[in-house]
1. At a Cα cut-off below 12 Å, give the aspartates and glutamates reachable from LYS156, other chains included and same-chain residues fewer than 8 away excluded.
2. I want to check a number: in the range 5-149, how many lysine pairs have alpha carbons closer than 21 Å, given a sequence separation of 8 or more or different chains?
3. Relative to the longest principal axis of the C-alpha atoms of the chain, give the angle of the C-alpha long axis of helix 229-240, reported between 0 and 90° and rounded to the nearest 10°.
4. Count the net charge of all other residues whose Cβ sits under 9 Å from the Cβ of CYS138, scoring Lys and Arg as +1 and Asp and Glu as -1.
5. Work through the residues other than ALA71 whose Cβ is under 14 Å from its Cβ and net out their charges, Lys, Arg +1 and Asp, Glu -1.
6. So what is log10(I(q)/I(0)) for the range 121-225 at q = 0.16, 0.18, 0.24 1/Å, when the Debye sum runs over its Cα atoms only?
7. In degrees between 0 and 90, to the nearest 10, how far off the longest principal axis of the chain does helix 132-141 point, with axes built from Cα atoms?
8. Multiply the residue gap between ASP204 and ASN223 by 0.36 nm, knock off their C-alpha separation, and tell me the result in nm, one decimal place.
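Each reported figure results from applying straightforward, stated rules to the coordinates on display, with no laboratory input. Predicted model only: the values in this text are computed from it and were never measured. Cβ placement follows ideal geometry from the backbone for every residue including glycine, while neighbour counts extend to all protein chains displayed.
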Amino acid sequence: MSFNTILVPIEQHDLMNATLETALVLARKFNSYIEGFALRPVVAPVMAMDIGGAFPLAELQENDTKMATEAKALFDAFMHKNNVSRTEAKGAVFCGWLDGAPDGDQFVGSHGRVFDVTVLGRPGESAQSPRLSTFEACLFESGRPILLAPPSPPQKMGENILIAWNHSTEQARTNAFALPLLRGAKKVSILTVEGGSVVGPSGDQVKQNLHLNGIEASSVTINPGNRNAGEVILSHAEQLGCDLLIKGAYTQSRLRQMIFGGATRHILAHAKLPVLMSH
């Protein structure tokens, strides 16, 4: 596979520009097609009552239409500013817009199945942050990887890559999705955090597999001490100057991570570099 088709849900949040910038950096590596659509929360069937019965609040529908119009305008303005055409041209990035997308995060997951990757902003807790529900709908329903955009858009991506190897099925799948990026990298590092892994092949075995695929890498195992695995991963990525992290998501259950914490939740909250994730 490659990353020839990129999906970017568009809504008004603090990281929307960084998300589009991250998508464009990836697209320029593969001369990809970028598709946008208006991502809107589900409009609950709120009804107002009068003597004659119930009727939908027209204001909700008008607001929904306004959000869709603003999302398209934002997407078009960004693409125009960066000279990205709606016309397909060999050897160039181009874009398109999907009209009439239904409300709700679940559409991100279903529509994402026909794209090589979906680019989303890093979820946050404020009302102006990307929603965790969007991320999880895409992660669990699309069957495809997510590229998580950091708050500050990257200038480059995929030259110096860190693989956060924890021996898991989720990580193995993410490594496979990442192969087109790994093949183009100048430096690839494999990190295993002691105690943060399930039973499975070692980092050195991953290194050998990559070697047989024409990708040279280094492998290291680190004792985390008092830090959690997510802290160690992000600290090591920063120390190496990495511009992309490859990380399988939710090796532990979401409920367990909510209660006890976990590497995925820490990275979702604190990553300052792009992260390619899948489940």
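1. Correct list for LYS156: GLU21, ASP243.
2. Lysine pairs, 8 or more places apart or on different chains, close enough: 4.
3. Helix 229-240 sits roughly 70 degrees off the main axis of the chain.
4. Its environment carries a net charge of -2.
5. Residues close to ALA71 contribute a combined charge of -4.
6. Once normalised to I(0) and log-transformed, intensities are -0.85, -1.03, -1.29.
7. The angle comes out at about 70 degrees.
8. Full-extension gain reported as 5.2 nm.
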